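Here, each number is a calculation from the coordinates, and none is a lab measurement. From a predicted model like this one, the values you see are computed outputs, not experimental measurements. Here the Cβ positions follow ideal geometry from the backbone for every residue, glycine too, while neighbour counts run over all protein chains shown.
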Amino acid sequence: MNSSIDLQLDTPVCFIDFETTGVDVLTDQPIEFGAVLVDKHGVIEKKLQSRIMLENINSFNKEAVKIHGIKYESLKDSPTQQQVLSFFFEEFGYNYCFGAWNANFDVSFFKKMCHENGMSENFNKIHYRHLDVQSVAKLSKSLGIIDKNIKSLSDCAEYFNISRSSNHNALEDALICCKVYGLIYSKFAEAIIHNNTTSF
């Protein structure tokens with residue numbers, strides 16, 4: 001995030017991203033988790049990336065593997081879901097809301113992890129008003145702040161000239177999401193200043 005832009009957030013935001021075995025939160029499993037915590041001014045305070053052990057190879061979706069490139073064999077010595085969650089809460093605490101490109105997707109996987117590992121009370125301590133960055137991007141397009149059709153995080157990365165790996169990476173995508181939000185905020189701020197100065 002650009003530290004020269006004061007985002008004036010109501011609460012710190014923890015941008016998160018998952019790589020998963022598929023897109024169905026009810027049947028698929030998380031296999032990589034990335035998190036970036038920023039303070040109220042948008043300054044990065046903490047980062048976390050971890051693979052997540054997967055016990056059942058049958059849940060692997062071939063289409064998902066094409067996106068993230070993570071193979072079942074590479075997860076055998078990874079931390080368990082419970083270990084990842086315990087480390088996350090110990091390091092990041094609870095004073096933030098979640099932010100994500102698709103908040104419904106990523107927050108749902110996080111909540112499911114907490115539920116299945118006896119940590120629902122931990123999840124409930126987090127501020128519940130999550131930030132959905134794809135909605136912010138779509139709004140900015142409809143208002144003319146961004147002059148390109150935005151359908152994905154890749155579209156945003158291309159628009160703002162942010163490099164991105166060919167295979168999706170949870171921490172990288174959380175960082176890109178964080179940066180995209182800051183850049184869109186900056187464009188909104190510029191538009192407001194421009195409108196105020198040209199209205200006289």
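What order do you get for 8-17, 116-125, 93-102 when each peptide is scored by the mean count of other beta carbon atoms within 10 Å, highest first? Don't skip to the answer; put the middle values down first.
Numbers: 8-17: 21.7, 116-125: 13.2, 93-102: 19.9.
Ranked from most to least packed, the peptides come out as 8-17, 93-102, 116-125.
Explain nothing, just the number: relative contact order of the chain, from Cα pairs under 8 Å at least 6 residues apart, as a whole percent. List each step's numbers first, then the result.
Values: 330 pairs, mean separation 50.3, N = 200.
That works out to 25 percent.
Run through the DSSP bridge list for the chain and note the antiparallel percent, rounded to the nearest 5.
Numbers: 15 of 21 bridges.
So the antiparallel bridges amount to about 70 percent of the total.
Report ³J(HN,Hα) in whole Hz for each residue of the stretch 157-170, in order, from the Karplus equation J = 6.51 cos²θ - 1.76 cosθ + 1.60 where θ = phi - 60°; Gly and Pro get x.
Result, ordered by residue: 4, 5, 4, 8, 6, 9, 5, 9, 5, 5, 8, 5, 9, 4 Hz.
List the pairs from Lys76/Lys125; Lys47/Lys187; Lys111/Lys179; Lys76/Lys112; Lys66/Lys125; Lys76/Lys111 whose alpha-carbon separation is above 28 Å, in the order I gave them. Write down the numbers at each step before the final one.
Details: Lys76/Lys125 31 Å; Lys47/Lys187 25 Å; Lys111/Lys179 24 Å; Lys76/Lys112 21 Å; Lys66/Lys125 35 Å; Lys76/Lys111 23 Å.
Pairs exceeding the cut-off: Lys76/Lys125; Lys66/Lys125.
Through the Karplus equation 6.51 cos²θ - 1.76 cosθ + 1.60, θ set to phi - 60°, convert the phi angles of the stretch 110-126 into ³J(HN,Hα) values in whole Hz; use x for Gly and Pro.
5, 4, 4, 4, 4, 4, 6, 10, x, 10, 4, 5, 5, 4, 5, 7, 6
What ³J(HN,Hα) values, in whole Hz, does the Karplus curve 6.51 cos²θ - 1.76 cosθ + 1.60 give for the stretch 32-44 when θ = phi - 60°, with x put for Gly and Pro?
Rounded to whole hertz, the list is 8, 10, x, 9, 9, 9, 10, 7, 5, 9, x, 8, 5.
Provide the three semi-axes, in whole Å and in decreasing order, of the ellipsoid equivalent to the stretch 56-190 as defined by the square roots of 5 times the Cα gyration tensor eigenvalues.
Whole-Å semi-axes of the equivalent ellipsoid: 29, 21, 12.
Using every pair of alpha-carbon atoms in the stretch 142-194, split the distances into 5 Å bins beginning at 0 and state the percent of pairs per bin, rounded to integers.
It works out to 4, 19, 29, 24, 13, 7, 3, 1, in whole percents.
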